[in-house]
1. Being surrounded by 21 or more Cβ atoms within 10 Å (Cβ to Cβ) and within 13 Å of another protein chain (Cβ to nearest Cβ) is the requirement here; does B:Thr76 meet it?
2. So for the range A:23-38 (the condition being modelled with pLDDT under 90, surrounded by fewer than 21 Cβ atoms within 10 Å (Cβ to Cβ), closer than 30 Å to B:His147 by Cβ and more than 14 Å from chain B (Cβ to nearest Cβ)), does at least one residue qualify?
3. Looking only at the range A:39-67, filter to residues that are surrounded by 19 or more Cβ atoms within 10 Å (Cβ to Cβ) and of a type in the set (A, V, I, L, M, F, W, C); which one of those is nearest to B:Arg149 (Cα to Cα)?
4. State whether one or more residues within the range B:85-93 are more than 13 Å from chain A (Cβ to nearest Cβ), farther than 12 Å from B:Met178 by Cβ, under 19 Å from the mean Cα position of the chain (by Cα) and of a type outside the set (Gly, Ala, Ser).
5. Hey, among A:Cys119, A:Cys99, which residue is in a loop (DSSP other than H, G, I, E, B) and farther than 30 Å from B:Arg188 by Cα?
6. Please indicate, with yes or no, whether at least one residue in the range B:153-161 is hydrophobic (A, V, I, L, M, F, W, C), closer than 19 Å to A:Pro49 by Cβ and outside any helix (DSSP H, G or I).
7. Kindly list the number of the only condition in (1) surrounded by 17 or more Cβ atoms within 10 Å (Cβ to Cβ); (2) under 19 Å from B:Ala78 (Cβ atoms); (3) at pLDDT below 90; (4) not aromatic (Phe, Trp, Tyr) that fails for A:His112.
8. Are any residues in the range A:95-104 free of Cβ contacts under 8 Å to residues at least 40 places away in the same chain and either under 20 Å from A:Ala61 (Cβ atoms) or more than 7 Å from every other protein chain (Cβ to nearest Cβ) (or both), and if so, which ones?
Amino acid sequence: MIFSKRFAVFVLRFLALGASISATTIMITSRETVEVLNIKFEAKYTNTPTFVYFVLMNAIASGYSLILLFFPAKNKFGHFILVLDLIMVLLLDSSISACLAIGQVAKKGNSHAGWLPICGQVHKFCDHAAIAVVAGFVASILYFIIVLYSIHNVMNLFTLKN
Amino acid sequence: MASEGVEKLPEVGHEQVPVVRSKVDWLVPVLRLLAFFATLSATLVMALNKETKTIVVATIGTVPIQATLTAKFQHTPAFVFFVIVNGNASLHNLLMLVVNFVWKKFDSKGLVPLAIASLDLMNVVIVSGGVSAAAFMGQLGRDGNSHARWNKICDKFETYCNHGSGAIIASFIGLTLMISISTISLVRLRNTYNKIVLNSSVDRSQPNPDHPTHQPKRFPGQRRPGEEFPCRRRPGIGDPRTATGITAGVVSYMDIDSREVLFCYDLKLPEGIIPVKEDGEVEALN
């Protein structure tokens, strides 16, 4: 394979690996203890299953990227890798969506359900989680670009004919 | 033909490489129809999700004060996103179902299968986002969150919760169907492009040394390319004199459900024979 193509896909996968690993670690290390009126609030990422799902999906995606970093592109497993890439994009995208939904409730509350916003009390935790979600968003975009690249590898899209 | 000193081989099978039509032309349209129904039902059930409940808030003396609470899907942005995304997906499925049958008249460049595959991809990703957001909000509503002091609401609004979970399940089913449609379309796309490369004109007067049939061990009884052998069966071209066959090569390809191997031969006729279409086996003599 041409060296520049291999280098390009390697860099792409490396960036995606970096993004998903950073999303995982930032979310794991988000933790805040706040004392309000002698009551201790502790906000961790394990409090809601959404953030746990987010951490899990990003960990799976980083493990997958790590393994695939050492595979050359355009081998006979091209289709299998394409399907796996598509699955990774789906998982990451769903985790981002869920975190945004929960984050919106945490920030603005839901008056109809009687849910008060908590970001006012644990705003450092909120910011930390928001940064992790942004990193997850960047990872999701990079994985989508990798899927487009995999499609191009598997079928030569430039031989369109009549 | 006999005037030249060189024997000219009539190209009997040249245009005749039979392209087997895929026997499962109905697979993707049926899946699309099911996915359309699934996403449509998810949209409708969630959009019409509403429950009103009157509960007694306080009692002053002997007069109970009642409050009317409604649970609508618009209260939660996640459910609004869910409705929008599923509506989009059902419209996309319907459109692609129609396009599936009529695109051959409008497309001259072969871009339509590519467009269908990429639109499918995008819709699958978006629907997965909508479904998971709604699912996690539903889980929050069902179990509450003790750390954030958020009470669960499903014990008061049971019908609302049940309808919501039904819509989410329907959307999950639709998502699974759309993923399989997308995968099948992508695999078929590869086969389409490979067939384009195969059917382009190939010079078969000389054996191609790069062809994979030059490898030694293949199927039992297969002859090497360029080898001449006497025809045991009468070739249906109208003359009882013997012809010899020359192996030209092997074409094998694989669709998602079928695999075809075609052995291609050239017929070498003795001088002076003019081939005539006899039975229905020979399609054209040019």
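1. Taking the combined requirement at face value, the residue satisfies it.
2. Within the range A:23-38 (the criterion being modelled with pLDDT under 90, surrounded by fewer than 21 Cβ atoms within 10 Å (Cβ to Cβ), closer than 30 Å to B:His147 by Cβ and more than 14 Å from chain B (Cβ to nearest Cβ)), the answer is yes, since at least one residue qualifies.
3. Looking at residues that are surrounded by 19 or more Cβ atoms within 10 Å (Cβ to Cβ) and of a type in the set (A, V, I, L, M, F, W, C), I get A:Ala43.
4. There is at least one residue in the range B:85-93 that is more than 13 Å from chain A (Cβ to nearest Cβ), farther than 12 Å from B:Met178 by Cβ, under 19 Å from the mean Cα position of the chain (by Cα) and of a type outside the set (Gly, Ala, Ser).
5. Exactly one of A:Cys119, A:Cys99 is in a loop (DSSP other than H, G, I, E, B) and farther than 30 Å from B:Arg188 by Cα, namely A:Cys119.
6. yes
7. (1)
8. A:Ser97, A:Leu100, A:Gly103
The values are calculated or read from the model by the stated rules, or taken from the named source; none is laboratory data. None of the values given here were measured: they were computed from a predicted structure. Neighbour counts run over all protein chains shown; Cβ positions are idealised from the backbone, glycine included.
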